[in-house]
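Written out below as structure tokens is the structure these notes cover.
Each value in this text was obtained by applying a stated rule to the coordinates, not by laboratory testing. All values reported here derive from a predicted model rather than from experimental measurement. Here the Cβ positions follow ideal geometry from the backbone for every residue, glycine too, while neighbour counts run over all protein chains shown.
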Amino acid sequence: MSSSTEVRPDALPHWETPPADLPEAIRSVKRAIRARIGASGRSVEEVFAVVARTVADRVAEIQADKDRGETVWPVIDYSDIENGTVSTAQLDKLRRRGCLVVRGHFDRDQALAWDAGIVDYVEGNDFFEHYRGPGDDFFGSVGSRPEIYPIYWSTGQMEARQSPRMARVQAFLNAQWKSESEGVTWFDRERDSLYPDRIRRRPPGADSSGLGPHSDPGTLDLWMTRSYQQAFRHLFDGSVEEYDPWDASFRTTGPQYPGSTMCSAFRTFQGWTALSDMAHDQGVLFSVPIPEAMAYLMLRPLLDDVPDDDMCGVMTNQVFPASERWHSPLLAAISGIPDVSAGDSVWWHCDMLHGVAPVQDQQGWGNVMYIPAAPWCERNERYAADVRDAFLTGSSPGDFPEEHYEREWPDRFGADQLNPIGRRGLGLD
Ligand SMILES: [Fe+2]
């Protein structure tokens, strides 16, 4: 590494908690990043053009796949992951697209039984009678039946989280990342940190306006904390060709700005496991299957046509949006998942843009439980302490609204039901 591209985090102003004056902080960090890129001898425009070209190539490949009627999302059978028989071509496609459907991750009957068990669990505890509306939406209509259930500790969810089949897929996905670099082991590929999340059950006949494309790993902290500035060092110092979306360096230690959509954990992939069959045209998940698009998202705000105090619409305490105005080349690559069956699982690189398509009069159920791959690391170990408390008391975990429906529910999953994977995931062993 030449001295001009050396990592010099102190050269950028940084804020480990959200700055009080956001517009001023945005102005000053943009100024500093522009200056640092300039010091490499390249202009911001030159560096961004490299990223835009890569993205354009990927968009064209994806379009060509669509034109040929091929599935854009890679699909791998669970049995190939278990037997170590995933082909090189499949691995290449996974790395290129940054997303995956695992077929037959769980037995279909097992997944349907978990779904039925969750219904028994919530109905048996009068959840719908006590439901107070969405905890993260001030104007939620009280008494309505939710689609997202703020339920964390059912038997089905916990059995899936601590299942050896889940651990195997998580380890396979974690291994797509570079976990060792800069002389540091950033995470343990073989150990997940059991990140509890909610479930979604969307009934037949539902109308849903969906969810626009967005990114999950952070907001302004992606430009403003010291650890993220180090993680994105190659984007911010003019050595953009060296940026590797699969490098975990500096991503597993730092803080995250608080917010209603925050995830305290480092996730290699986000994911969910299907608890019902879902057709590809019934309001399902889509992604922009280009891991390198993160470079585009991070550098686009530095161009001259974006106001000085604007990061292309990214704010704190709101989800990171993608818009036609700033990101239209990326949105051209939007690709929905193929049909999935109960027991299949769906995964996408934690930085990648994703959303949910709208649907009218949905055919069949749309039921999933969110279970990511969140390998054991400093950041996840810290959050695991909170998760342990929530588990033992039946509370909502710290990343979620304080709803705590399950505290008095007698049949929630108990500590005596944990297997070694569950105990390790909670940091109990
Ligand atoms: Fe999301």
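Return the sequence-ordered ³J(HN,Hα) values of the stretch 221-228 in whole Hz as given by the Karplus equation 6.51 cos²θ - 1.76 cosθ + 1.60 applied to θ = phi - 60°, using x for Gly and Pro.
Karplus values, whole Hz, x for Gly and Pro: 4, 4, 9, 10, 8, 4, 5, 5.
Starting at the first residue of the stretch 363-371, write each ³J(HN,Hα) from the Karplus equation 6.51 cos²θ - 1.76 cosθ + 1.60 with θ = phi - 60°, in whole Hz, x for Gly and Pro.
With coefficients 6.51, -1.76 and 1.60, one gets 8, x, 7, x, 10, 9, 10, 7, 9 Hz.
Put +1 on the Cβ of every Lys and Arg and -1 on every Asp and Glu Cβ in the stretch 157-226; which of T219, I199, Q170 then has its Cα farthest towards the positive end of the dipole?
Looking along the dipole axis, the top candidate is I199.
Show the residues, 5+ positions off or on another chain, whose built amide H is closer than 5 Å to the amide H of R198.
Answer set, sorted by chain and number: Y370.
Please give the calculated 222 nm ellipticity per residue for the chain, where each DSSP H segment of at least 4 residues contributes -39500 (n - 2.57) and the sum is spread over every residue; nearest 500 deg cm²/dmol?
-10000 deg cm²/dmol
Given 0.36 nm per residue, what is the gain on full extension from E82 to A49 after removing their alpha carbon distance, in nm?
Using 0.36 nm per residue and subtracting the Cα-Cα distance, I get 7.8 nm.
Cα axis of helix 88-97 to longest principal axis of the chain: angle in degrees, 0 to 90, nearest 10?
70 degrees
How many nm separate the modelled label positions at R423 and D389, each set 7 Å beyond the Cα in the direction of the Cβ?
It works out to 2.4 nm between the two label points.
Please check the chain for the longest run free of chymotrypsin sites (Phe, Trp or Tyr not before Pro) that are loop-located per DSSP (anything but H, G, I, E, B) and have at most 10 other Cβ atoms within 10 Å.
Excluding the exposed sites themselves, the longest stretch runs over 140-429.
Which trypsin sites (Lys or Arg not before Pro) does the stretch 363-417 hold that lie in a coil by DSSP with at most 14 other beta carbons within 10 Å?
R407
What are the residues whose amide H is under 5 Å from the amide H of A248, where those residues sit 5 or more places off or on another chain and H is modelled from the backbone?
Here the answer is K178, since their amide H atoms fall under 5 Å of that of A248.
Before anything else, pin down the relative contact order of the chain: Cα pairs under 8 Å, at least 6 apart, normalised by residue count, whole percent.
RCO, the chain: 27 percent.
From the phi angles alone, apply the Karplus equation (6.51, -1.76, 1.60; θ = phi - 60°) to the stretch 257-268 and give each ³J(HN,Hα) in whole Hz, x where the residue is Gly or Pro.
Whole-Hz 3J(HN,Hα) from phi for the stretch 257-268: 5, x, x, 5, 10, 6, 10, 5, 8, 8, 10, 6.
Compute, for the chain, the length of the dipole vector about the Cα centre, with Cβ point charges of +1 (Lys, Arg) and -1 (Asp, Glu) only. Units Debye, rounded to 20.
The dipole magnitude comes to about 700 debye.
Considering only DSSP states other than H, G, I, E and B, which GluC sites (Glu not before Pro) in the stretch 348-429 qualify as loop sites with at most 12 other Cβ atoms within 10 Å?
Hits after loop and neighbour filter: E402, E408.
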